[in-house]
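Enquirer: Starting off with a structure, shown below.
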Amino acid sequence: MRDIFEELNETADVLAICGDLTDTGDEEEAVVLGEELKALRIPVLGVLGNHDYEKGRQKIIKQILTDHHMTILDGESIVLADVAFAGVKGFGGGFDQYMLSIFGEDMMKEFVHEAVNESLQLDRALTRLEQDYPHLPKAVLLHYAPIKDTVVGEPEQLFPFLGSSHLAEPLTRRQVAIAFHGHAHGGTLSGHTTSEIPVYNVALPVLKRERDGQSYLLVEV
């Protein structure tokens, strides 16, 4: 990983990581990542993923990585290299006409509400950026996918657990320039929202499969 970070020091202005910062949600894994990040001379930011929640230690993981100078976005925003970033983890719920609805048992309603609440958090962060930095391009980091295009390749039965169209709504409403997510390891590298906003699935298996083994994606915003 240090070799990759050294490459990025020479080629990138910012490193963004879209969740699953640990494998099993153990804080010791976060410490290992934090130590590896010391090789970076550029800012690094990201969001947590579902793996980071596995043991209920997500707050500890966030603090460890923050202590190692990584910015973790969970409804927050930051400006780096003249780009305004906002991020949330996101949640599932499905896409387009097949989105789950807030109907039926309480557990089902809670599932859908989680994606809605994540979307609202993201919208608030983007609104603040619009007000404070109206002329800067906005980039969004997610773990769960905001569109179906970039989860294609996964079994369709899994789509409701890979992302939600609710997450695409603030992208369009706040005129985001670009969005990134992870989570869908069997998905597709790139797609776009109905308003033509580019979306990239930067889950590591996707990058390695679609970019001849390369572990990162360089884009200009």
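Enquirer: Kindly identify region 98-220 as rounded, prolate or oblate by the Cα gyration tensor criterion: order the square roots of the eigenvalues as a ≥ b ≥ c, call it rounded if a/c is under 1.5, otherwise compare a/b with b/c, prolate if a/b is larger, else oblate. Before the final figure, lay out the partial values.
Expert: Details: a/c = 2.25, a/b = 1.05, b/c = 2.14.
Because a/c hits 1.5 or more and a/b fails to exceed b/c, region 98-220 counts as oblate.
Enquirer: Taking the Cα centre of the chain as origin and charging only Cβ (+1 Lys, Arg; -1 Asp, Glu), how large is the dipole, in debye to the nearest 20? Let's see the in-between values first.
Expert: Values: 18 positive and 36 negative charges, 80 e Å.
In total the dipole reaches around 380 debye.
Enquirer: Which one of Asp67, Asp149, Asp20 has the biggest mean-square fluctuation once the chain is modelled by GNM with Cα springs under 10 Å?
Expert: The residue that fluctuates most here is Asp67.
Enquirer: Explain nothing, just the number: relative contact order of region 94-204, from Cα pairs under 8 Å at least 6 residues apart, as a whole percent. All intermediate terms of the calculation are to be shown ahead of the outcome.
Expert: Details: 191 pairs, mean separation 32.3, N = 111.
Reported relative contact order: 29 percent.
Enquirer: Most mobile of Thr188, Thr66, Thr150 per a Gaussian network model of the chain (Cα springs, under 10 Å)?
Expert: Among Thr188, Thr66, Thr150, the largest mean-square fluctuation in the Gaussian network model of the chain belongs to Thr66.
Enquirer: Can you give the relative contact order of the chain as a percent, counting alpha carbon pairs under 8 Å and 6+ residues apart? Please list the in-between numbers first.
Expert: Values: 485 pairs, mean separation 39.4, N = 221.
Relative contact order of the chain: 18 percent.
Enquirer: May I pose another question? Please list, by residue number, every one of the chymotrypsin sites (Phe, Trp or Tyr not before Pro) in region 94-138 that is coil in DSSP and has at most 10 other beta-carbon atoms within 10 Å. Intermediate results must be reported in sequence, preceding the final value.
Expert: Working: sites: Phe95, Tyr98, Phe103, Phe111; in loops: Phe95, Phe103.
Sparse-neighbourhood loop chymotrypsin sites (Phe, Trp or Tyr not before Pro): Phe103.
Enquirer: Percent relative contact order of region 1-72, based on C-alpha pairs within less than 8 angstrom and at least six residues apart?
Expert: On the way: 115 pairs, mean separation 27.3, N = 72.
Rounded, it is 38 percent for region 1-72.
Enquirer: If you don't mind, there's one more thing I want to ask. Antiparallel versus total DSSP beta bridges in the chain: what percent is that, nearest 5? Provide the component values of the computation, followed by the final result.
Expert: On the way: 7 of 27 bridges.
DSSP beta bridges in the chain are roughly 25 percent antiparallel.
Enquirer: A further question on this structure: What distance in nm separates the simple spin-label points at Glu28 and Ile4, each placed 7 Å from Cα in the Cβ direction?
Expert: 2.2
Enquirer: Let me ask something additional. Select from Leu167, Val206, Val79 the residue farthest towards the positive end of the dipole of region 77-221; place +1 on Cβ of Lys and Arg, -1 on Cβ of Asp and Glu, and compute about the Cα centre.
Expert: Val79
Enquirer: Sort all Cα-Cα distances of the chain into consecutive 5 angstrom bins from zero, then give the percent of pairs in each bin up to the one containing the longest distance.
Expert: Taking all Cα pairs of the chain, the binned fractions are 1, 7, 15, 20, 21, 18, 12, 4, 1, 0, 0 percent.
Where a number appears in this text, it was derived from the coordinates with a stated rule and is not lab data. Only a predicted model underlies this, so the values are computations on that prediction, with no experimental measurement involved. Methodologically, a virtual Cβ is constructed for each residue, glycine included, from the backbone with ideal geometry; neighbour enumeration extends over all protein chains shown.
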